[in-house]
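Heads up, the thing below is written out as structure tokens.
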There are 4 protein chains.
Amino acid sequence: MKNNNLEYPSDIIRAGILGVSGYTGREVFAILLKHPNVRITYVAANNTQGLMGQIYPEFLNRTTLNCQKMDLAQVAQKCDVVFLALPHTESMSVAPKLLKAGLKVIDLSADYRLKSPKVYEQWYGHKHTDPKSIAKAVYGMPELYRQKIKKANFVANPGCYPTAAILGLAPLVSTRNDIQAIIIDAKSGVSGAGRKATVDKLYSEINENFKAYKVLSHQHSPEIEQYLSQLAGHVTKISFVAHLLPITRGILNTMYVQLIDGITLNQVHTLYKKFYKTESFVRLHPIGVQPEVKNVANTNFCDIGLAVSPDKKTVVVTSAIDNLVKGAAGQAVQNMNIIYGFNEVEGLL
Amino acid sequence: MKNNNLEYPSDIIRAGILGVSGYTGREVFAILLKHPNVRITYVAANNTQGLMGQIYPEFLNRTTLNCQKMDLAQVAQKCDVVFLALPHTESMSVAPKLLKAGLKVIDLSADYRLKSPKVYEQWYGHKHTDPKSIAKAVYGMPELYRQKIKKANFVANPGCYPTAAILGLAPLVSTRNDIQAIIIDAKSGVSGAGRKATVDKLYSEINENFKAYKVLSHQHSPEIEQYLSQLAGHVTKISFVAHLLPITRGILNTMYVQLIDGITLNQVHTLYKKFYKTESFVRLHPIGVQPEVKNVANTNFCDIGLAVSPDKKTVVVTSAIDNLVKGAAGQAVQNMNIIYGFNEVEGLL
Amino acid sequence: MKNNNLEYPSDIIRAGILGVSGYTGREVFAILLKHPNVRITYVAANNTQGLMGQIYPEFLNRTTLNCQKMDLAQVAQKCDVVFLALPHTESMSVAPKLLKAGLKVIDLSADYRLKSPKVYEQWYGHKHTDPKSIAKAVYGMPELYRQKIKKANFVANPGCYPTAAILGLAPLVSTRNDIQAIIIDAKSGVSGAGRKATVDKLYSEINENFKAYKVLSHQHSPEIEQYLSQLAGHVTKISFVAHLLPITRGILNTMYVQLIDGITLNQVHTLYKKFYKTESFVRLHPIGVQPEVKNVANTNFCDIGLAVSPDKKTVVVTSAIDNLVKGAAGQAVQNMNIIYGFNEVEGLL
Amino acid sequence: MKNNNLEYPSDIIRAGILGVSGYTGREVFAILLKHPNVRITYVAANNTQGLMGQIYPEFLNRTTLNCQKMDLAQVAQKCDVVFLALPHTESMSVAPKLLKAGLKVIDLSADYRLKSPKVYEQWYGHKHTDPKSIAKAVYGMPELYRQKIKKANFVANPGCYPTAAILGLAPLVSTRNDIQAIIIDAKSGVSGAGRKATVDKLYSEINENFKAYKVLSHQHSPEIEQYLSQLAGHVTKISFVAHLLPITRGILNTMYVQLIDGITLNQVHTLYKKFYKTESFVRLHPIGVQPEVKNVANTNFCDIGLAVSPDKKTVVVTSAIDNLVKGAAGQAVQNMNIIYGFNEVEGLL
């Protein structure tokens, strides 16, 4: 499934990024700039225009691309695949048109992750204006849905917290019938909250600070529950509390899985080892070693650590990712690699 | 219970600090330097000697005190009360002698917090060499043990994580009989790990990083369980996971209390409000507001927030303190204020 | 010069703060809250109203004050002294009215620091609408202008960079006739840029970053030059470059004074020692010791270090302050103490 | 100049790293791991042994290399080129043996940067035990010495501060005869101080802090002066003050060049533009834009900004690099690329 234009070699595809001025869009741009099978042919943003090397001086001398006001006709003409790094609710006004124009669409917003438009409206506070497309979107978590992604034209790229949560819990949730409760104590760096100027994200507010927010009411909860339920084969509930870390990038989820029957540390370690045996981007740590955010920063890895309580009834799973990479842009490119039949790790190692 | 020497007015007591070169000792020093009822008359450290204004230039022009090599005879002669900011295992070789000499002793180490020498040895890896004195030590958490502290000569000052945990859980644990499980997801700034030079505390290792450590095996677990069990009237177990925050000072504990019968948010909020009604240093936040580390940094406050799951079965309690103040030096001075009949908040607001 | 109202004891004055929701206003509030001779009787802000304990939860249980929409008639009625922590250009519309109403006014904005309205307009980009009051304002740097401040009704509180620069240079500039050039390489924490939400102050932009800004064109340059010229007795020019540190509070200026005749390190150290002999808040460091921002954070100190090049022609003066305390709120309170005849260090140690 | 062993294709060379457990050695390792023309065949450290994925869990699943106790016979057998990331004074006991064994040696220590053993001893406090090899070492700054590096067997890789300083000053120093004074106000992240555990590098000491150190006495001064003098054609002196930034990686030098005749901003900008016209890793910023550390972090770029005082007599040059990349490991790999005739940017973009 290569590109169908004549200007580029057949193993090169043309990619566009909408919303390139935000942190997620910038990360997609930075990754694709080094990707051997990709030419970035179109970048746009709502409120920022100009040369990429001016908007982000880190790209000075590395690109001559110009960030445009978004024009869907141009996107359709210039791109084979387009990454939507747009705010929630904006993707759903754009995605159906781009799909109709024959493009592959990888949406990094939350607009197509939840299967029920009603649940979407409840958690995101907006009516879903494109409910028809929801069913077409494949959830872009390669470790669980690789076969579907291969054939997809439309990917709903997972949220950052859900990526760390679902990858950390999948082996247990998909195999155990005795799970009594799941608690997810999640901590994220500030870039996860985006680049819009607000007082609560100012340096002097975040620095030397730490707090819980949206306690038991974070909009990523239903996304996690939806996919855990799918893996479990029955409705699975979680208690999810998000926290804000004084770092720029990185998520660490500490998850407490309470089992009725119990499990030993060796057993659970073996279970995870088998589950992720062939995965390039999930690294199970040896027993006794805990993941650290700095080991996954600027990478597409999800690192996992395990511990079990003396009574064997509580498994503590810790999972770490870079929220902008495996939790957003990196996973999006991983999905693109799968769709186009490139090496899955291309541009990501 | 004022001082019994002639040099100072009767409302002034003479205080000594052993281990003043560490972060906890420095904090006791900084607080006492401003305390209207205290003259610091003796400071000592094991490996650092010299003028306090040289060891810590922040004290330049503010004190002429000289940090000595520790000499217990001098301590006994020069002080009414002494603060032990010594490493674990060192306090127990010093405390009995100072008590015998008639001093009030406030021990900030872990040596006298656990009632069983056997449990101490199991978690701290050292034989307890002064088991006789353990029973004499009053646990210095004023909100729970104020009456005992008033009459105490010897205070075992609580650990930092236990202070945030026990204050956050006491109202529930002491009143509910339907607690099924307690999970404490604890996060601390780096100063809690002390001032000894080790690679894992270097700036470049901690900065932009976050990790869990001593998962389900932190030595503060038995201290928390001992006092929760006392409050509950029966053995109470916890699952405790510590994490290292890239900040200098502050602890935030996120605690999940699972109840069989359930409780509403209003009910649990009312319960906490009553419990801490007369306390100066515990601040229950309004419903919907979460504590933040920066609000308690450099203060003796413990801030508490509450949330309840939709099924009313999980209460999420968040508690925030400054690990060096309410979690160590500030609480120690609060205990001193109680012992000497000073205003309990003196030097702490 | 005590208050003239009947509700409070005669050694208590009533203070108001306008612009209390910004970082500088908050700092004035925090300092005055602990000041034994002050009752805060009025606080206001332009865009934020409500209980101080809600706006800043750190003040929960510590005050019942309500932040109002600004009403000058109320200020005049309720206050003896008022602190203007308003944005530049707003002070000049308020100050003359409050002065006319008989209040003492301490203005923390830049509106009355420059003696020439023309220079003000050139650097701040706004016409000065109250040029008549400029001459009435005393520059509130106690170490240089204490006698004038004693008699002042109106204080122009110095800027943060100028405080560190002028205190660090005054001994040399006021005594040497052979100064050839002065370079001020200034570095400030982010709180100096205020609390208005802008992208360039977001955590993810500042964290792990460092940059120069307004190179040779910072609006504090003319303020520094005005007072150095006054001290020197002739026009004195500087090269001033500001930088943004990834810390919340603190300034360190590294200043290079090039002399024609030269000076030894001992000579310059003696000069500074004498100059600041009786000052409570300027701490000259011993030869070989350099100031550090953390030693002055949350204090009203200005710490100074000295070095001299081997050819004796270049003196390197380093000066450190907390930009919000000695660089703003602390110095403002120090000025208030002087005006009212309180102990100059009251509330500041 | 390719490798001469049979196991690898002829465009692949075998590289060794001595001192891989320090921050510089780790950075060389991370860069070479992705380099298409390099196989890392040997890594060693003095005090740390074991699998690289254990020592640095970030390399888990990415390498099976084992860090050995250093054995020079093995190095000689297994490597074509070897990177010395050893502490100062250790390189000079190793380098001559490896050179004799026919290896290319790239030394990241300071041992061979200074041409005079006497000056070395004066600034580094140790006798130079291999003065004979000094003349053989080529200073590895490609922008100035590319032709020599092409033919070199032995490279003295520049220091971090000198890289930012010399690149920032070379265009002026090599063309102007009217330079009166050069002041270098340098600021570095903490990783520049290495990974040895010391109290002054602890997180709690560096965080929220900033200070000058080794004022006018930093050991990088003679290195900068040596190469500036070479460029100028006469003895050139600097005033150099180093500062410690609370960030992990990055250097920003603010440099004040005082000219007798003066220069306009356009003139100096044109001068720099021409000077670095063909350079891949030096990015001159447009007039009015200042370099920022975050734009060069984790890259091999040196970003440069320019400003000129109104009287045209002071040029302010700001230069930013990542101290571990362009200031150490990246520049070392750039030198290797040049020696072996690889694309100079290979592995570095």
Simple spin-label estimate for B:Leu265 and B:Lys312 in nanometres, 7 Å along Cα-Cβ: 1.5
Cα-based shape type of region B:1-107, given that a ≥ b ≥ c are square roots of the gyration tensor eigenvalues and the cut on a/c is 1.5: oblate
Listed residue (C:Gly168, C:Val155, C:Ala212) projecting farthest to the positive dipole end of region C:147-219, Cβ model: C:Val155
Rounded if a/c under 1.5, otherwise prolate or oblate - the protein assembly as shown, Cα gyration tensor axes: rounded
For region B:207-269 and region D:213-276, distance of Cα centres in Å: 53
Per residue Cα convex hull volume in Å³ - calculated over region C:45-144: 138
Nearest-0.05 FRET efficiency for C:Asn66 and B:Ser10, computed from C-beta distance (R0 30 Å): 0.10
Of all accessible heavy-atom area on the protein assembly as shown, the percent that carbon and sulfur account for (1.4 Å): 50
Minimum 30 Å² accessible area buried by the other protein chains, region D:53-67 residues, probe 1.4 Å, relative to alone: D:Pro57, D:Glu58, D:Leu60, D:Asn61, D:Arg62
Nearest 10 degrees, 0 to 90: helix B:23-33 Cα axis against chain B principal axis: 70
Antiparallel content of DSSP bridges confined to region A:244-349, in %, to 5: 80
Part-to-part distance (alpha-carbon centres) for region D:31-99 and region B:76-102, which is given in Å: 51
FRET efficiency, 1/(1 + (r/R0)^6) with R0 41 Å, evaluated for B:Thr175 and B:Gln74 via beta carbons: 0.30
Over 31 Å (Cα to Cα) - which of C:Lys118/D:Lys187; D:Lys132/D:Lys326; A:Lys294/C:Lys214; B:Lys201/B:Lys294 fall in this group: C:Lys118/D:Lys187; A:Lys294/C:Lys214
Accessible area that becomes buried as D packs against C, both chains, 1.4 Å probe, Å², nearest 100: 3000
Estimated FRET transfer efficiency (C:Thr278, B:Lys127; beta-carbon r; R0 60 Å; 0.05): 0.60
5 Å binning of all Cα-Cα separations within region D:256-349, expressed as whole percents from 0 upward: 3, 14, 20, 20, 17, 12, 8, 5, 2, 0
7 Å along Cα→Cβ, label-point gaps from C:Asn66 to other copies, nm, shortest first: 5.7, 5.9, 7.6
Per-copy distances of the D:Lys214 label point, shortest first, in nm (7 angstrom along Cα→Cβ): 3.3, 3.7, 4.7
When region B:204-249 is reduced to its Cα atoms, the Kirkwood hydrodynamic radius in Å: 12.3
Euclidean distance between Cα centres, region C:129-152 to region A:178-206, Å: 47
Solvent-accessible surface (1.4 angstrom probe) belonging to B:Lys148, in square angstrom, nearest 10: 120
Nearest-20 debye value, region C:75-191 charge dipole, Cβ charges on Lys, Arg, Asp, Glu: 480
Cα-derived Rg over Rh, computed across region B:216-273 with Rh taken as Kirkwood radius: 1.02
Anchor C:Lys150: lysines whose Cα lies under 16 Å away (excluding residues fewer than 8 positions away in-chain): C:Lys2, C:Lys104, C:Lys136
Cα-based convex hull volume of chain D per residue, rounded to whole Å³: 135
Over region C:111-177, equivalent-ellipsoid semi-axes from the Cα gyration tensor in Å: 23, 16, 10
Partner chain coverage, peptide D:235-243 - average Cβ within 10 angstrom: 3
Neighbouring partner chain Cβ atoms per residue of B:286-292, average, 10 Å criterion: 4
Nearest-20 debye value, region C:1-145 charge dipole, Cβ charges on Lys, Arg, Asp, Glu: 260
Between helix B:160-173 and chain B: long-axis angle, C-alpha atoms, 0 to 90°, nearest 10: 40
Scattering curve values for region D:117-265, log₁₀ I(q)/I(0), Debye with Cα scatterers, q = 0.15, 0.18, 0.20, 0.21 Å⁻¹: -0.91, -1.20, -1.34, -1.39
Crossing angle, helix D:265-275 versus chain D [Cα axis fit, 0-90 degrees, rounded to tens]: 30
Cβ charges +1 (Lys, Arg) and -1 (Asp, Glu), total dipole of chain C, debye: 620
Test item: B:177-189 mean partner chain Cβ contacts at 10 Å: 4
Solvent accessible area, Å² - B:His234, 1.4 Å probe, full protein context: 100
Mean accessible surface per residue for chain B, computed with a 1.4 Å probe while every protein chain stays in place, in Å²: 36
Per-copy distances of the A:Gly233 label point, shortest first, in nm (7 angstrom along Cα→Cβ): 4.5, 8.5, 9.6
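The values are calculated or read from the model by the stated rules, or taken from the named source; none is laboratory data. Keep in mind that what you see is a predicted model, and the values were worked out from it rather than measured. Here Cβ is always computed from backbone atoms with ideal geometry, including for glycine, and neighbour counts include all displayed protein chains. All accessible areas refer to the heavy atoms of the entire protein, side chains included, with ligands and DNA or RNA removed. Shrake-Rupley method; radii C 1.70, N 1.55, O 1.52, S 1.80 Å.
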